[in-house]
Amino acid sequence: MNFQKPKGATYDARRLPSERKQSAVLSMFDGLRPGQTFTVVLDFDPDKLKRQFEAFFAGEHIWVCLKPGPPEWLIEIARPQSAR
């Protein structure tokens, strides 16, 4: 698949308050157009967040762990061209 990477597409969620991190990542994804992707830096195990993506965006996202943690995880999340 061919993804268009928007400028400034790496988001560091480590700076956010703990209670806002997961919802912020979900919101960032919700704003993607088909074919776009972003990378997020997390300081928590993303298993729960990945399960949320699978529940809310089944078949509408691609999740790739670029760097497994701890202490930090680097996750690339994309909305395929055919989504939405």
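Rule-based calculations on the coordinates, nothing more; no lab input. Since the structure is predicted, the reported quantities are computational estimates derived from the model, not experimental observations. FYI the Cβ positions are ideal-geometry reconstructions off the backbone, even for glycines, and counts take in every protein chain you see.
Descriptive notes on the structure:
- Cβ-based exposure ranking for ILE75, ILE62, in which fewest neighbours within 10 Å come first: ILE62, ILE75
- Charge tally for GLN22 (other residues, Cβ to Cβ under 15 Å; Lys, Arg +1; Asp, Glu -1): 0.
- Spatially proximal aspartates and glutamates relative to LYS48 (Cα-Cα < 14 Å; intrachain offsets below 8 disregarded): GLU19
- Evaluated with a Cβ-only charge set (Lys, Arg +1; Asp, Glu -1), the range 10-78 carries a dipole of roughly 100 debye about its Cα centre, given to the nearest 20.
- Residue order, fewest to most beta carbons within 10 Å, for LYS50, LYS67, LYS21: LYS67, LYS50, LYS21
- Relative contact order (percent, whole number), the chain, Cα cutoff 8 Å, 6+ residue spacing: 35
- Helix 21-30 axis, angle to the chain major axis (alpha carbon atoms, nearest 10°): 10
- Helix 47-56 and the longest principal axis of the Cα set of the chain meet at an angle near 30°.
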